[in-house]
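The values are calculated or read from the model by the stated rules, or taken from the named source; none is laboratory data. Small disclaimer: the values here were computed from a predicted structure and weren't measured. FYI the Cβ positions are ideal-geometry reconstructions off the backbone, even for glycines, and counts take in every protein chain you see.
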Amino acid sequence: MGFYTLIHWVSLGLAGATLAILSVVVVRQSFRNRRTKRDAARRQSLMALALEYIEEPEFLPAFKAQLKPEDQRLLVELFAELLPKVRGDYAEKVVHLMREMGLRDRCLAQLHSPKWWKRADAAAVLGWFKEPQVVAALERALDDPQVVVRLESARALAQLKAVQSVAGLVARLAVVDATHSLGVQEIFRSLGPGAVTELMGVLESDVPEHVKILAADALGHIGDPRAVPALLKLFHTPGRAESDTIQEHKARRGRAYADRSQPANASVALRLAVVKALSVLVDPRALNAILAALEDPIWEVRAQAAHCASQLGSEAAIPKLETLLHDEHWWVRFHAAEALFKLGEAGVQALLKAARSTSARAADIAGGLLREKGVAV
């Protein structure tokens, strides 16, 4: 067999193999599409049956009689989507229906499925069954190798108000990639007042900075004033990364305000997280920290501090807010102007003075805001 003949047959073989593979892919996709359409149609039927039972519970035996063995898989998916959309008595009726149909037991078994998405669906549904057996199973699922399953398990436990340990959540959830960070933040925010003491402990523990940011954010959203001293202590804690020093040096270049050359305490991200939390808590004990943050080297912190100053309502912030009307960052100037207006007559007078001044930055932001609020300049 000649060389060219060999190449010819090899090419034909590869072409045939390619066609065979493509045929298999097309056939598999066709079956998958048919199954998806069939499942969608069956889900609509099951939804109609479920809603009929919820309105008239005496039809439950007839409902169960119409179910096929494979329907339980679809019902788990269906209720995983339905439950977050219902509340009150209606949600209780849905949960009762699931229990009567054996879906709770199916979900407990499905937590051991080799397919992670099935485990995640099961954990999401189990968040509606406040029973010791369910809580124990969800606690074990926090050690699942898949982060999505851990997130759903933690979310379910938080929904059941059954989180045993904030430190346990930190260990299992805090170190995740950015794709899931918002999910982790949502879980920590939902922990409620019962977790405040442990979250304050996280602020003082030896954990990575992003974990402390999570805890500070959660404490702000929970809104318990017990958290204020711990947040203030974190704000004043010395020790920042070299990268923060570099950022602050860049932020200070060409700046005429000598007081901003003073070193800040916590890192940029931590300072910002604490000021955001204090903006939500609105506690007078935070005033000194907020006044200091108004002179922060980083503009994001100054802007957030100006917003917080308006929430606190103290006229002690007016001189520093007046200074921020000259800030090189528009967003800082805007928040400072908004804060001054919210502080009442003294703040409005400061804005009028700035609007009539020779400083283009201050006059522009102050005058614009006053005109927007209907105040003659």
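Checking each residue in the range 134-178 for being polar (S, T, N, Q) and either assigned by TED's automatic domain parsing to the domain that holds Leu199 or within 22 Å of Ala216 (Cα to Cα) (or both) picks out Gln159, Gln164, Ser165.
All of (1) of a type in the set (Asp, Glu); (2) buried (at least 17 other Cβ atoms within 10 Å of the Cβ); (3) in a helix (DSSP H, G or I) hold for Asp327 with one exception: (3). Exactly one residue among Ala171, Ala156 is among the hydrophobic types (A, V, I, L, M, F, W, C) and within 27 Å of Val76 (Cα to Cα), and that residue is Ala156. Of the helices (runs of 4 or more DSSP H) lying entirely inside the range 71-128, not one contains at least 1 residues that are at negative phi, outside the structural domain of Leu51 (by TED's automatic domain parsing) and under 25 Å from the mean Cα position of the chain (by Cα).
In this structure, does Ala305 turn out to be closer than 19 Å to Gly220 by Cβ and either at pLDDT 95 or above or not β-branched (Val, Ile, Thr) (or both)? It is true that Ala305 is closer than 19 Å to Gly220 by Cβ and either at pLDDT 95 or above or not β-branched (Val, Ile, Thr) (or both).
Checking each residue in the range 269-288 for being surrounded by fewer than 23 Cβ atoms within 10 Å (Cβ to Cβ) and free of Cβ contacts under 8 Å to residues at least 40 places away in the same chain picks out Leu272, Val282, Pro284, Leu287, Asn288.
Yes or no, residue by residue, for (1) at pLDDT 95 or above; (2) in contact with a His (Cβ under 7 Å, 6 or more places away or on another chain); (3) β-branched (Val, Ile, Thr); (4) at positive phi:
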| site | (1), (2), (3), (4) |
| --- | --- |
| Gly313 | no, no, no, yes |
| Pro319 | yes, no, no, no |
| Thr323 | yes, no, yes, no |
| Trp330 | yes, no, no, no |
| His335 | yes, yes, no, no |
| Glu338 | yes, no, no, no |
| Phe341 | yes, no, no, no |
| Gly344 | no, no, no, yes |
| Gln349 | yes, no, no, no |
